[in-house]
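The values are calculated or read from the model by the stated rules, or taken from the named source; none is laboratory data. These numbers were taken from a predicted model, which means no experiment stands behind them. Cβ placement follows ideal geometry from the backbone for every residue including glycine, while neighbour counts extend to all protein chains displayed.
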Amino acid sequence: MEKVDVIIVGGGLAGLSCAYELADSGMTVLVLERGDFSGSKNVTGGRLYLRPILPYLPDIWKEAPFERHVVKEIFTAMGKHNSTTFEFYSDRFKEEPYPSYTILRAKFDRWFAELVSEKGSFVIPQKTVDDLIKENGKVIGVKSGDEEIGADCVVAADGILSFLSEKAGLRKPFQPKHFALGFKEVIQLDPKTIEDRFRVAEGEGAAQLFFGALTQGMMGGGFLYTNKDSLSLGLVIGLHALNSKATREEVYKLLDRFKERPEIKNIIRGGETVEYSAHLITEGGIYNMPKLYTDGMLMVGDAAGLGLNMLFTVRGMEYAIVSGVLAARTIKEAKAKNDFSASSLAKYEKLLNESFILKEMHTFKNTLAVLENERLFTKYPQVISDLFEKVMWVDENPKEEIYKTKIAELKKQFFNLETLKDWWQFRKI
Ligand SMILES: Cc1cc2nc3c(=O)[nH]c(=O)nc-3n(C[C@H](O)[C@H](O)[C@H](O)COP(=O)(O)OP(=O)(O)OC[C@H]3O[C@@H](n4cnc5c(N)ncnc54)[C@H](O)[C@@H]3O)c2cc1C
């Protein structure tokens, strides 16, 4: 059997960052990617926060194919026929290094894979790993079709449904509540139109999140990110919420209906859909993490369950990149000791624990429980929007005094036992 030092299964952000960090270590590193090229099968919203990554991978971002840096955050609570939007801008979003960028994975991962190859690791596309090879319980390589390749260490970077973690016996059976389904369209528009519609300067961008009627009471929400010359528009809906709906909705219809809302229709007007994709997204947080290592194998990125829904933003890409780097550092130490046993690779978990990743995952361990509250997606966005509608509505009748009528309404809706219970829940995040 042919043997190399490290095999990384999956050429997404987690696998590529691991390969990049290992590339100048003198080890032979293979990245096996089932897609036609890195990025061809990868889906994100998506926004990448740069600052968490810089301490781990400081040097490579100047040439990165980022879309726009985000200077504006927009939140929209959608009622059935109305909506309320809150917009936040800060000069700090314009300070370099820019805190976050929108990206398109087909471009971004492809660029990263080229960088990895230039530095000396091998990225091999159209290569699907079908199985692990084990000897006395230790992972010693992988099978791809008829081919067997041995390695001192295998890194499972094969994404959210990681079958390698299952083969290695590192994770519990999946449950629908640990996943959401994300689906999105990339809608092409010229850059000037995007800048005018979002009121941002050249090169600047916006990130908009939606919750409420668009998901028809199901746990989830919508997102809209501005790219250079396109918009990424999509929905994320909890799998268990989709499954439990009496009449199962074909999800693309939800997106079609979302696009018909005037709030969206006027933003995408004149645009052409050039890409459609769907992918699972992790919702389980810290409770859904598999064991992260075994003899001869480590898990990184989505495969390791490293992802978080923080309500106001989704995190996964920084976790993928930084976990890849930390896995590489662990492998370098293991190589120096020539010890790839589980006890040697346990260093990886220690590094993850010390990093922002597991600290954040602990801090936000209760978001899933909060998100299970249906009122977040039904009552609250509707009440907020109805209230604004009443305040703003003027007709032939004399306007009522705002405090007496509207605040009384607000009290009725928000100062009750149910809402107090909800606030009690919210304080956990
Ligand atoms: C709709 C949506 C919106 C999101 N929005 C955001 C966001 O705004 N910000 C954010 O930070 N995160 C976001 N995420 C999460 C983020 O995209 C993921 O956390 C991130 O892509 C994980 O990277 P990864 O490298 O671990 O996995 P992936 O990118 O999934 O890469 C896994 C790779 O492994 C390959 N592979 C799988 N099996 C095999 C095999 N057997 N053999 C060979 N190759 C294999 C796949 O082809 C793929 O290239 C979003 C996710 C979705 C779905």
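Within segment 269-284, which residues are farther than 27 Å from H240 by Cβ, under 23 Å from the mean Cα position of the chain (by Cα) and either away from the ligand (no atom under 16 Å from the Cβ) or of a type in the set (D, E, K, R) (or both)? Walk me through it before giving the result.
Step one: of segment 269-284, the residues farther than 27 Å from H240 by Cβ are 269-275.
Those left that are additionally under 23 Å from the mean Cα position of the chain (by Cα): 273-275.
Within segment 269-284, V274, E275 qualify.
Go through segment 124-144 residue by residue and tally those that are loosely packed, with under 13 Cβ neighbours inside 10 Å and away from the ligand (no atom under 11 Å from the Cβ).
3
If you check every pair at least six apart or on different chains, which have Cβ atoms under 6 Å apart with a residue in segment 373-398 that is within 22 Å of K177 (Cα to Cα) first and a residue that is modelled with pLDDT of 90 or more and of a type in the set (V, I, T) second?
If the second residue must be modelled with pLDDT of 90 or more and of a type in the set (V, I, T), the pairs left are F377/T215.
Among the residues of segment 135-172, which ones are under 15 Å from L298 (Cβ atoms) and part of a strand (DSSP E or B)?
K138, V139, I140, G141, V142, A151, D152, C153, V154, V155, A156
Among the residues of segment 258-297, which ones are loosely packed, with under 14 Cβ neighbours inside 10 Å and either in contact with a Leu (Cβ under 7 Å, 6 or more places away or on another chain) or basic (K, R) (or both)?
Result: K265, R269, G270.
Would you mind finding the one in N243, N266 that is more than 13 Å from the ligand (Cβ to nearest atom), closer than 20 Å to I160 by Cβ and in a helix (DSSP H, G or I)?
Working: N266 fails: closer than 20 Å to I160 by Cβ.
Answer to the selection: N243.
Out of L306, L311, L326, which single residue is more than 11 Å from the ligand (Cβ to nearest atom) and either part of a strand (DSSP E or B) or within 27 Å of G221 (Cα to Cα) (or both)? Quick ask: steps written out before the conclusion?
On the way: L306 fails: more than 11 Å from the ligand (Cβ to nearest atom); L326 fails: either part of a strand (DSSP E or B) or within 27 Å of G221 (Cα to Cα) (or both).
Within the list L306, L311, L326, the selection yields L311.
Checking the condition without any contact (Cβ under 8 Å) to a residue 40 or more places away in the chain, surrounded by 14 or more Cβ atoms within 10 Å (Cβ to Cβ) and of a type in the set (D, E, K, R), which residue from E195, E202 passes?
Values: E202 fails: surrounded by 14 or more Cβ atoms within 10 Å (Cβ to Cβ).
None of the other options fit; the residue is E195.
Starting from residues that are in a loop (DSSP other than H, G, I, E, B) and of a type in the set (A, V, I, L, M, F, W, C), keep the ones in segment 271-303 and report whichever is nearest to R105 (Cα to Cα).
From segment 271-303, those in a loop (DSSP other than H, G, I, E, B) are 271, 283-284, 289-292, 295-296, 300; that's our starting set.
From what's left, of a type in the set (A, V, I, L, M, F, W, C): 289, 292, 300.
Details: M289: 24, L292: 25, V300: 18 Å.
Filtering segment 271-303 for residues that are in a loop (DSSP other than H, G, I, E, B) and of a type in the set (A, V, I, L, M, F, W, C), the one nearest to R105 (Cα to Cα) comes out as V300.
Taking only pairs six or more apart or across chains, which ones have beta-carbon atoms under 7 Å, a first residue in segment 270-287 that is on the phi > 0 side of the Ramachandran plot, and a second residue that is within 11 Å of the ligand (Cβ to nearest atom)?
These pairs meet every condition: G285/L308.
Of the numbered conditions (1) more than 13 Å from the ligand (Cβ to nearest atom); (2) surrounded by fewer than 20 Cβ atoms within 10 Å (Cβ to Cβ), L161 satisfies every one except a single condition; which is it?
The number of the failed condition is (1).
Within the bounds of segment 18-25, is there any residue that is of a type in the set (A, V, I, L, M), within 15 Å of the ligand (Cβ to nearest atom) and not in a helix (DSSP H, G or I)? Even if it seems obvious, please write down each step before you answer.
From segment 18-25, those of a type in the set (A, V, I, L, M) are 19, 22-23; that's our starting set.
Add one more test, that the residue is within 15 Å of the ligand (Cβ to nearest atom), and what stays is 19.
Those still in the list that are not in a helix (DSSP H, G or I) too: none.
No, because not a single residue in segment 18-25 is of a type in the set (A, V, I, L, M), within 15 Å of the ligand (Cβ to nearest atom) and not in a helix (DSSP H, G or I).
Only one of these is of a type in the set (S, T, Y), under 24 Å from K192 (Cα atoms) and either touching a residue at least 12 places away in the same chain (Cβ under 8 Å) or within 15 Å of the ligand (Cβ to nearest atom) (or both): Y56, Y49, Y98. Name it.
On the way: Y56 fails: under 24 Å from K192 (Cα atoms); Y49 fails: under 24 Å from K192 (Cα atoms).
Every option except Y98 fails the conditions.
Residue under question is F356, and the condition is that it be more than 16 Å from the ligand (Cβ to nearest atom) and either on the phi > 0 side of the Ramachandran plot or in contact (Cβ under 8 Å) with a residue 24 or more places away in the chain (or both); does it hold?
For F356, the condition - more than 16 Å from the ligand (Cβ to nearest atom) and either on the phi > 0 side of the Ramachandran plot or in contact (Cβ under 8 Å) with a residue 24 or more places away in the chain (or both) - is not met.
Only one of K72, K62, K119, K80 is farther than 30 Å from Q216 by Cβ, away from the ligand (no atom under 13 Å from the Cβ) and in contact (Cβ under 8 Å) with a residue 60 or more places away in the chain. Can you tell me which?
Numbers: K72 fails: farther than 30 Å from Q216 by Cβ; K62 fails: in contact (Cβ under 8 Å) with a residue 60 or more places away in the chain; K80 fails: farther than 30 Å from Q216 by Cβ.
When all the criteria are applied, what remains is K119.
Test each condition in (1) closer than 22 Å to F183 by Cα; (2) within 16 Å of the ligand (Cβ to nearest atom); (3) at pLDDT 95 or above for K41 and report the one that comes out false.
Unmet condition: (3).
Considering only segment 388-406, state which residues are over 38 Å from the mean Cα position of the chain (by Cα) and either modelled with pLDDT under 80 or in a helix (DSSP H, G or I) (or both).
At the first step, the residues of segment 388-406 found to be over 38 Å from the mean Cα position of the chain (by Cα) are 393-406.
The answer is I402, Y403, K404, T405, K406.
Quick check on segment 76-133: of everything there that is of a type in the set (D, E) and part of a strand (DSSP E or B), which residue is farthest from T215 (Cα to Cα)?
Initial filter on segment 76-133 (of a type in the set (D, E)): 87, 91, 95-96, 109, 114, 118, 130-131.
Filter once more, keeping what is part of a strand (DSSP E or B): 87, 131.
Numbers: E87: 21, D131: 38 Å.
Step by step, filter segment 76-133, then rank; the result is D131.
Please find, within segment 314-323, the residue that is surrounded by the fewest Cβ atoms within 10 Å (Cβ to Cβ) out of those that are in a helix (DSSP H, G or I) and near the ligand (Cβ under 10 Å from one of its atoms). Steps first, answer last, please.
As a first pass, look at segment 314-323 and keep what is in a helix (DSSP H, G or I): 317-323.
Remaining after also requiring near the ligand (Cβ under 10 Å from one of its atoms): 317-321, 323.
Values: M317: 26, E318: 21, Y319: 29, A320: 31, I321: 26, S323: 32.
That would be E318.
Can you pull out the residues in segment 1-17 that are in contact with a Gly (Cβ under 8 Å, 6 or more places away or on another chain), hydrophobic (A, V, I, L, M, F, W, C) and more than 6 Å from the ligand (Cβ to nearest atom)? Reasoning before the result, please.
Within segment 1-17, the first condition is being in contact with a Gly (Cβ under 8 Å, 6 or more places away or on another chain), and the residues that meet it are 1-4, 7-17.
Going one step further and asking which of them are hydrophobic (A, V, I, L, M, F, W, C), we end up with 1, 4, 7-9, 13-14, 16.
Correct list: M1, V4, I7, I8, L16.
For every residue, the table says whether it meets (1) within 22 Å of the chain's Cα centre (by Cα); (2) within 12 Å of the ligand (Cβ to nearest atom); (3) farther than 17 Å from R269 by Cα; (4) outside the structural domain of K265 (by TED's automatic domain parsing).
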site	(1), (2), (3), (4)
P191	no, no, no, no
A201	no, no, yes, no
M218	yes, no, yes, no
L224	yes, yes, no, no
E250	no, no, yes, no
